[in-house]
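These notes are about the structure you will find just below.
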Amino acid sequence: MQRSFVARNSNYLGLLVANTILGSAMPMLIILGGLAGLMLAPSTALATLPASLQTLAGLLSAGPFSLMMSKRGRKAGFVAGVACAVLGAMIGARALFVDSFPLICLAHLTLGAALACFQYFRFAAAETVSAEWQPVAISLMLTSGLVAAFVGPQLFIATKDALAPIPLAGAYAALAALSIVGLGPLALTRLPVPTHGAAQSLRERLSSLSVLKHRSVRLAVGMGAVSQGIMVFLMVPTPLAMIGCGFDEDMAGDVIRWHVVAMFAPSFFTGFLVRKFGVHQIALIGLALLIMSSITALSGQTSAHFYGSLVLLGIGWNFGFIGATTMLASAVSEDKKGVVQGANETVIALVSTVCAFAAGAIIAGFGWAVLAVVSLGLLAVALAVSLKEIRLARRL
């Protein structure tokens, strides 16, 4: 028993290290998508297309990656994700050498698929431990985002001119190398393999989606989508709002930096809070913190208001997202998790995409205060629905 426990925890450690390495690509891609697009786009109107295609790739590939993992195992899926990352990074470097905008778009489409694949690390973490330790495993897995928030930008700065005189090409090369390094700890893990028999037909997969009608699953998907969607809704336009209020780019960047810290730093203890107080309570606290973030954003536009709102936004996302992931991990049986987790990630990606575009339109047309009011209204509805669903679930 003791030997088995050590082995399972060593597998978790391997996943944690692999996710930390591979996750460092995300902040690099946030930077590269905009800069490379601006450099190669035929017009400034198309400069954000690579980043948009990266988001679209996540929407399109989340389901297929989940189905692949349910059939061939998590490790095979993550290896495929690494292959997408390496290929996308190589295409990105090539695009800069030949000055090709279509190639840079293809690169970020491929890299977006890799990022979608890496989102499944949190579900894989839950599968390496016993049920009672799942919230802790999921929570600690997200601490890798805190490391990535600091490592990714520094790696970009150190490598962006490595292939001079071609700017940024070195950063894409570093992304490819980083992805290959991430295979090391992943290769040392022994992850559970699918045990639910033969591959499911399309009809069987579609029938598995009927589990989404279950209250516990519906609640988990909804809270995860709301937490992620509101976080994107308020975070994306924050730099534009701050510059519009007269703050400089450095302060806007610092606000985003502390927001990212607030997103991931609580992960060191969120899982333990879930074990102590229950997953529903922590998820509801997450929604309450998101409401406080919106109220803070609405109450003023000083630097203190922006810092306070974005820090509350990060902590609220952490509690809500970890709570929702824990709910989903425990609510779905082994034979249905591939389809349901894929549907969950697709819904989250869809909501995030809609919120990102909507936030840009609202901030441009109506301003920061209206954005905060819309956020507050959406959260009030989400909180009321969540309380009703939880109350009904406890009666069953």
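The values are calculated or read from the model by the stated rules, or taken from the named source; none is laboratory data. If you're wondering where the values come from, they're calculated on a predicted model, not measured in any experiment. As a convention, Cβ positions derive from the backbone with ideal geometry for all residues, glycine included, and neighbour counts pool all protein chains shown. When the accessible area is computed, the model is the full protein with side chains, heavy atoms only, and any ligands, DNA or RNA have been set aside. Shrake-Rupley method; radii C 1.70, N 1.55, O 1.52, S 1.80 Å.
Some notes on this structure:
- Of the residues in segment 305-323, at least one is farther than 26 Å from His280 by Cα, open to solvent by 10 Å² or more (accessible area, probe 1.4 Å) and among the hydroxyl-bearing types (Ser, Thr, Tyr).
- Filtered by the rule that a residue be open to solvent by 10 Å² or more (accessible area, probe 1.4 Å) and aliphatic (A, V, I, L, M), segment 92-111 gives Ala93, Leu96, Val98, Leu103, Leu106, Leu109.
- Only one entry of Gly229, Gly246 meets the criterion of being open to solvent by 40 Å² or more (accessible area, probe 1.4 Å), at pLDDT 85 or above and within 19 Å of Gly367 (Cα to Cα), and that entry is Gly246.
- In segment 212-224, of all residues being open to solvent by 10 Å² or more (accessible area, probe 1.4 Å) and in a helix (DSSP H, G or I), the one that is farthest from Leu313 (Cα to Cα) corresponds to Lys213.
- Residues considered: Ala114, Ala148, Ala89, Ala83. Of these, the only one that is within 16 Å of Ala177 (Cα to Cα), open to solvent by 10 Å² or more (accessible area, probe 1.4 Å) and not charged (D, E, K, R) is Ala83.
- Residue match in segment 122-131 (condition: within 25 Å of Ala62 (Cβ to Cβ), aromatic (Phe, Trp, Tyr) and either surrounded by 20 or more Cβ atoms within 10 Å (Cβ to Cβ) or at pLDDT 85 or above (or both)): yes
- Residues within segment 110-132 that are β-branched (Val, Ile, Thr) and within 17 Å of Thr55 (Cβ to Cβ), tallied: 1
- Failed condition for Val381, given (1) touching a residue at least 24 places away in the same chain (Cβ under 8 Å); (2) within 22 Å of Leu289 (Cβ to Cβ); (3) more than 23 Å from the chain's Cα centre (by Cα): (1)
- One residue alone among Ala372, Ala380 is touching a helix residue (DSSP H, G or I) at 6+ places or on another chain (Cβ under 9 Å), more than 14 Å from Val232 (Cβ to Cβ) and open to solvent by less than 20 Å² (accessible area, probe 1.4 Å), and that residue is Ala372.
- Within segment 28-49, being in a helix (DSSP H, G or I), in contact with a Leu (Cβ under 8 Å, 6 or more places away or on another chain) and open to solvent by less than 40 Å² (accessible area, probe 1.4 Å) holds for Met28, Leu29, Leu32, Ala36, Gly37, Leu40.
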